[in-house]
Amino acid sequence: MIKINENFNKLQASYLFSDIAKRVLQFQTANPDKQIIKLGIGDVTRALPDACIEAFHTAVDEMANDGTFHGYGPEQGYDFLREAIAKGDFQSRGCNIEAEEVFVSDGAKCDSGNFQEIFANDIRVAIPDPVYPVYVDTNVMAGRTGAAADGRYTGLVYLEGNKENGFIPGLPSEPVDLIYLCFPNNPTGATATKAQLKAWVDYAKANKALILFDAAYEAFVQDDNLPRSIYEIEGAQEVAVEFRSFSKNAGFTGTRCAYTVVPKACTAYTASGEPVSIHGLWNRRHTTKFNSVSYPVQRAAEAVYSEAGQAQISELITYYMKNAKYVREHMESLGYDCIGGENSPYIWIDAKGDSWAFFDKLLNNTGVVCTPGAGFGKCGEGYVRISAFNSFENVQDAMNRISEAI
Ligand code: MLT
């Protein structure tokens, strides 16, 4: 008899964004004439930068000829992209990351979900709350938790974010081995300073722990004093893996390209305490389970680092950040406390009540889709997240509708 992985039974029935999509579809079916404005899932709406499109086209043409055709590429990604990443995103900012430490992939969601596979099942895992649900759910699937009770899984250490700490959780009060951090934060838009990240790096070093740092939104940081990478903190290369994505900075949500940095200096330990290279373990896992991203997509991603590509992604980010500012100012003018939207495309809004009720009210009365904070964890209850990823016209329209309806 084929048996299931019982850990899946501990999970909520469906993934947050699938749940929201279902509610939106129900609403749209019942109200076919209502124009819905989606400010829920962080999905970009603007076209790929011209530089990426040009490189994409050229690479597709290469695939049309036997002489320039590409079959399987290296599982870790082509050198041209790994080198462009190491130089463009790290070395240029003073971080000593080498191309060989970069693993190209099809998404930061997959990588941040899969990375836990290379660690033991009895490690203690610290996860912020509120949080991008992938970190929690993948640890549940792996069997590192007990059942869910009152919005929490037993066995996880929750790092609480709230108004008092500005949604930047403090260090855990009990020892942990694996720590998930995300800055600029999804969902709250909060950003950590260098001093705040340094505290985590020091903690990880002192406890032989590892930080999984999700920097998928780093391009939205506007304040030059804020770190964009954990490797801006001295010593982080020994204790941190970083996830990055082309989804939000260059519009690759539907094109799929991302990468994970696994420094060679990062170490984990065998049951008997022998050090093992995390780079080697991830390389083993990656080469076994993944065949990298298509050649044309990697060429398109490489173009992000060209002079034209850099100018074009900067224009995209400026566009979305104008939306973010507009949303935040508008919601504040309506009397809602907000954080985020200054160095992040997400605005985290105190809904002054139940977050799913606010979501439903917004959808039913205005046709605007947001994301209920409760979907990101217990500490998200009472909040909603509004995303800046849409056209400025739609964002204006959404805010006008909200003003009229609320
Ligand atoms: C979000 O809305 O939180 C993100 O778009 C989800 C993702 O990137 O997977």
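Among 330-342, 63-75, how do they line up by average Cβ neighbours within 10 Å per residue, starting with the highest?
Values: 330-342: 18.1, 63-75: 10.3.
The most tightly packed comes first, giving 330-342, 63-75.
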About its Cα centre, the chain carries a charge dipole, from +1 on Lys and Arg Cβ atoms and -1 on Asp and Glu Cβ atoms, whose size in debye to the nearest 20 is 820 debye
Using a/c under 1.5 as the rounded threshold, could you call the range 142-279 rounded, prolate or oblate? The axes a ≥ b ≥ c are square roots of the C-alpha gyration tensor eigenvalues, and prolate needs a/b larger than b/c, oblate otherwise.
-> rounded
Quick calc, the range 342-390, dipole around Cα centre from Cβ unit charges on Lys, Arg (+) and Asp, Glu (-), nearest 20 debye, gives 40 debye
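When DSSP beta bridges are limited to those with both residues in the chain, what percentage is antiparallel, rounded to the nearest 5? Write down the numbers at each step before the final one.
Numbers: 23 of 41 bridges.
Beta bridges within the chain, antiparallel portion: roughly 55 percent.
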Which whole-angstrom value gives the distance between the alpha carbon centres of the range 7-29 and the range 227-306?
-> 29 Å
In the chain, taking the dipole from +1 charges on Lys and Arg beta carbons and -1 charges on Asp and Glu beta carbons about the Cα centre, the listed residue (Gly166, Gly113, Val24) farthest towards the positive end is Val24
For the chain, built as a Gaussian network whose Cα springs stay under 10 Å, the top-fluctuating residue of Ile278, Ile97, Ile123 | Ile123
Length-normalised contact order for the chain - Cα pairs under 8 Å, 6+ apart - percent | 23 percent
For the range 293-360, what's the relative contact order in percent, using C-alpha pairs closer than 8 Å and at least 6 residues apart?
-> 20 percent
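By how many nm would the segment from Ala199 to Asp224 grow when fully extended, if each residue of separation counts as 0.36 nm and the alpha-carbon distance is taken off?
Numbers: separation 25, 0.36 × 25 = 9.00 nm, distance 1.98 nm.
The span from Ala199 to Asp224 would gain 7.0 nm if fully extended.
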Mind jotting down the three principal axis lengths of the range 16-155 based on Cα atoms? Whole angstrom, largest first.
-> 57, 52, 33
For the range 53-306, with every protein chain kept in place, what is the accessible area per residue (1.4 Å probe, Å²)?
-> 40 Å²
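Over all directions, the average projected area of the alpha-carbon convex hull for the chain comes to how many nm²? List each step's numbers first, then the result.
Details: hull surface 88.2 nm².
Taking a quarter of the hull surface, the average projection is 22.1 nm².
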Can you pull out the GluC sites (Glu not before Pro) in the range 86-167 that DSSP calls coil and that have at most 16 other Cβ atoms within 10 Å?
-> Glu98, Glu164
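Taking only DSSP H segments of four or more residues, each worth -39500 (n - 2.57), what value at 222 nm results for the chain once the sum is divided by all its residues, to the nearest 500 deg cm²/dmol?
Mean residue ellipticity, 222 nm, calculated: -11000 deg cm²/dmol.
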Any idea which of Gly71, Gly40, Ala51 is furthest toward the positive side of the dipole for the range 36-84, if Lys and Arg beta-carbons carry +1 and Asp and Glu beta-carbons -1?
-> Gly40
Enter the Cα centre distance for the pair the range 167-191 and the range 333-389, rounded to the nearest angstrom.
-> 20 Å
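So, counting K/R as plus one and D/E as minus one, what does the shell of residues with Cβ under 11 Å around Ala216 add up to?
Details: positive: Lys109, Arg244, Lys248; negative: Asp111, Asp214, Glu218, Glu242.
Cβ neighbours under 11 Å give a net charge of -1.
Taking the Cβ of Ala388 as the center, what net charge do the other residues with Cβ under 13 Å away carry, scoring Lys and Arg +1 and Asp and Glu -1?
Working: positive: Lys38, Arg46, Lys248, Lys322, Lys325, Arg328, Arg385; negative: Asp43, Glu329, Glu342.
Combined, the nearby Lys, Arg, Asp and Glu give +4.
If you add up the charges near Thr29, with Lys and Arg at +1 and Asp and Glu at -1, over every other residue whose beta carbon is less than 15 angstrom from its beta carbon, what do you get? Write down the numbers at each step before the final one.
Numbers: positive: Lys22, Arg23, Lys34; negative: Asp33.
It works out to a net charge of +2.
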With all protein chains present, the range 124-270 has a carbon and sulfur share of its accessible area (1.4 Å probe) in percent of 47 percent
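The values are calculated or read from the model by the stated rules, or taken from the named source; none is laboratory data. Remember, predicted model here, so these are calculated numbers, not experimental data. When we count neighbours, we look across all protein chains shown, and the Cβ atoms used for this are built from the backbone with ideal geometry, even at glycine. For the accessible areas, the whole protein counts, side chains as well, though only heavy atoms, and no ligand, DNA or RNA atoms are used. Shrake-Rupley method; radii C 1.70, N 1.55, O 1.52, S 1.80 Å.
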